[in-house]
Amino acid sequence: MKKISIIGSGGSGKSTLAKKLEEKMRIPAYHLDALYWQPGWVETERSKWRSIQEELCSKDEWILDGNYGATLDIRFKNSDTIIFLDINKFTCLARAVWRSIKSYSKTRSDMAAGCKEQLDIKFAKWILEYPTKNKPEILNRLAGLPPEKNIIILRSTKEVEAFLKVA
């Protein structure tokens, strides 16, 4: 595992897993939210966003955490390992709410400068709808990848902890 993509719902633990893998494996982790969002929650222009990810994926080793469905093709093509955190939607929502309370009005280390923590109804709704709206497409895309790709689906905190012990 040298080129790792971590995907999953908001609140599933993508950034936390990326940080732990970075520490354990000594592979640099890049948090896509921190690269995508500009100060004040301004989005990066689409072609520039693709270029940023293509540049990251050209490196010898990396861990990328984040979804961004329009650019999954870049990461899936270049990843040797894809980790899908398929965590219960209520666990994800509880984590997102807790993170928002804990970091309210601050900028987290895995976010871009000038993007203070927030939780709105739209994000909460996205988390709750993720299993029916996003997960089927993710699973279809994963199923269509070549067999040499290492696809890991983790469905609980216990499975994530067990994975970290052997990674």
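The values are calculated or read from the model by the stated rules, or taken from the named source; none is laboratory data. Everything numeric here is computed off the predicted structure, so don't read it as measured data. All Cβ positions, glycine included, derive from the backbone under ideal geometry; neighbour counts span all protein chains shown. When the accessible area is computed, the model is the full protein with side chains, heavy atoms only, and any ligands, DNA or RNA have been set aside. Shrake-Rupley method; radii C 1.70, N 1.55, O 1.52, S 1.80 Å.
May I ask you to derive the relative contact order of the chain, considering only C-alpha pairs under 8 Å and at least 6 residues apart, and to give it as an integer percent?
Once normalised by length, the contact order is 33 percent.
Which whole-Hz ³J(HN,Hα) couplings does segment 154-164 yield from phi under the Karplus relation 6.51 cos²θ - 1.76 cosθ + 1.60, θ = phi - 60°, glycine and proline marked x?
Each residue's phi maps through the Karplus curve to give 10, 10, 7, 4, 4, 5, 5, 4, 5, 4, 4 Hz.
Within the chain, what whole-number % of the accessible surface is contributed by carbon and sulfur, with the 1.4 Å probe and all protein chains included in the calculation?
54
Test of the criteria: in segment 74-167, which GluC sites (Glu not before Pro) are in a DSSP loop and have at most 12 other Cβ atoms within 10 angstrom of their Cβ?
When the GluC sites (Glu not before Pro) of segment 74-167 are filtered for loop state and at most 12 Cβ neighbours within 10 Å, Glu148 remain.
Please state the shape class of the chain: rounded when a/c is under 1.5, otherwise prolate if a/b exceeds b/c and oblate if not, all from the C-alpha gyration tensor.
Since a/c stays below 1.5, the shape of the chain is classed as rounded.
What are the ³J(HN,Hα) values, in whole Hz, obtained from phi via the Karplus relation 6.51 cos²θ - 1.76 cosθ + 1.60 with θ = phi - 60°, for each residue of segment 21-33 in sequence order, with x given for Gly and Pro?
5, 4, 5, 6, 9, 6, 10, x, 9, 10, 8, 4, 4
Give the separation of the Cα centroids, segment 113-161 to segment 1-33, in Å.
So the two Cα centres are separated by 13 Å.
So with the 1.4 Å probe, I'd like the accessible area per residue for segment 98-167, rounded to whole Å².
I get 69 Å² per residue for segment 98-167.
Assuming a ≥ b ≥ c are the square roots of the Cα gyration tensor eigenvalues, decide whether segment 7-71 counts as rounded (a/c under 1.5), prolate (otherwise, with a/b larger than b/c) or oblate.
oblate
Could you calculate the FRET efficiency of Ser58 with Ala167 from 1/(1 + (r/R0)^6), where r is the beta carbon distance between them and R0 is 22 Å, rounded to 0.05?
Efficiency, from the Cβ-Cβ distance: 0.40.
Please give the FRET efficiency for Ser156 paired with Arg46, using the beta carbon to beta carbon distance and R0 = 41 Å, rounded to the nearest 0.05.
0.75
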